[in-house]
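As structure tokens, the structure follows; a few thoughts come after it.
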Amino acid sequence: MWVNNFNYVVLVKEVRVQLGLSQEDLARELGVSYATINRWENGRFSPSRLAVRQLETYCDRMIGLERLVLSGYKK
């Protein structure tokens, strides 16, 4: 999983900012709670394996749609 090469705190915030999403919006997109996104961004918790897969799938889709650009991204 390429997402594991990123710091989740930085990655989640970068994805949100580039896509113009609130924490609530990103939570809906990933099927997690707002509190979960907030904890990831604040570094209090790391995503579970399932959540990492969901985040990676979402990022892949947004990269494919050319809505997201991540430096260091390698599939």
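Readers should treat all values here as calculations from the given coordinates under stated rules, not as data from a laboratory. Computed from a predicted structure; not experimentally measured. Virtual Cβ from ideal backbone geometry, glycine too; neighbours counted across all protein chains shown.
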Query raised in the report: When only alpha-carbon atoms count, how far does the chain stretch along each of its three principal axes, as whole angstroms with the largest first?
Result: 27, 23, 18
Query - Förster-model FRET efficiency, 22 Å R0, residue 49 and residue 7, C-beta, rounded to 0.05 - result: 0.80
Query - Helix-only CD estimate at 222 nm, as mean residue ellipticity for the chain, using -39500 (n - 2.57) per DSSP H run (n ≥ 4) - result: -18000 deg cm²/dmol
